[in-house]
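Taken together, the values in this text are just the output of simple stated rules run on the coordinates, not laboratory data. Since we're looking at a predicted model, the values are computed, not measured. Because the Cβ atoms are built from the backbone with ideal geometry, glycine has one as well, and the counts that use them run over all protein chains shown.
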Amino acid sequence: MAEQEVELRRVRDFGENLSDTFAFLRQHANTLLRPFLAISAVFMAVLGIFSSVYESHAGRILKNIFMGRSQNIDRLMSVFDINYFMVIIMTMATIASMQVIIAVYMKYYTETHTKPGIQEVWTLFKRYFLRVCLFEFLAYFTIVLGCVFCLFPGIYLGVVLAPLSLVIVVEDKGLVESYQRCLELIKDQFWPSFGLYIVAYLFYAFGAGVIGGGFTIIGWLAGYLTTSDLGLYVLAISAFLKSFSLFFYIIYFVCVSLNYFSLVERREGTGIMGRINNLGNYGSSSSSEEQF
């Protein structure tokens, strides 16, 4: 018996959201991974290049300090160079690209009831990517600001704004409307969403940590234990490969996406109304066939 397709627009509890996350990934693995490999992998490769250059540069500086060749504090601060900030920017852009791909995939799927191909995803991706990048950057800044002044406001905003890119793409809203919509959806559902996001993030962190952490340990050990530039080359390669551990972010954001649809359905009931209308249409068509 074939597994029933995961319905996006329905109310879910904590356990259903997690189980539907992995069910959705199983059912859409082929069609969802293709745009990831075609689009997000490019961002990851660019991120990997900047990461490898930065890790090699920072590793050389830290190795000299560790071996007593340099104790200059200015030299240590040079690890925060342009590559350091490019790594941060490309990490944000890579995550934004993954969010947009999942959001446009689900938007297309809910509107057409068919799985989109790479071309369909790319067409919608071009429309929303820059907007999501800008809005997400402002959201990150707001969350960090909230954490700096008082930790809880930052955590609260992190939970509230988690589905921001979905609101932007699925509902095609602007900045202020998107913020207001996120606040509206999370009302009375903050703690269930907070717990769900923590568990989903742990799945992502475990997968990414095993892969990325392994490459990091290998690279830094090679950088410290070798006396030639070989260790720095290994460090650079490991930094490049570590960038692809971001693929595990799919787990987290699919979970956030399903919770978004659950919050919308809980508040507006659009999914159940659609099913009722379809039943009515089906009944009408059946009656017409019988009369004919």
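Starting at the first residue of the range 117-125, write each ³J(HN,Hα) from the Karplus equation 6.51 cos²θ - 1.76 cosθ + 1.60 with θ = phi - 60°, in whole Hz, x for Gly and Pro.
x, 4, 5, 5, 5, 5, 4, 6, 4
Express in nm, to one decimal, how much length is gained between residue 85 and residue 110 on full extension, taking 0.36 nm for each residue of separation and deducting their alpha carbon distance.
Gain on extension, residue 85 to residue 110, equals 5.3 nm.
For labels at residue 22 and residue 34 in the simple 7 Å Cα→Cβ model, what's the distance in nm?
Distance between label points: 2.7 nm.
Hey, rough spin-label estimate for residue 145 and residue 217, points 7 angstrom out along Cα→Cβ, what's it come to in nanometres?
In this crude label model, residue 145 to residue 217 measures out at 4.0 nm.
Give, in nm to one decimal, the length gained when the segment between residue 201 and residue 7 is fully stretched (0.36 nm per residue of separation minus the Cα-Cα distance).
Details: separation 194, 0.36 × 194 = 69.84 nm, distance 2.24 nm.
Once the chain is fully extended between residue 201 and residue 7, it gains 67.6 nm.
Can you sort 182, 133, 150 so the residue with the fewest Cβ neighbours within 10 Å comes first?
So the ranking, lowest neighbour count to highest, is 150, 133, 182.
Which ordering of 122, 191 is given by a fewest-first count of other beta-carbon atoms within 10 Å?
191, 122
Between residue 172 and residue 45, what is 0.36 nm times their sequence separation minus the Cα-Cα distance? Round to one decimal in nm.
My answer for the length gained is 42.8 nm.
At residue 138 and residue 268, where each label point lies 7 Å from the Cα along Cα→Cβ, what is the point-to-point distance in nanometres?
Placing both labels 7 Å along Cα→Cβ, they lie 2.1 nm apart.
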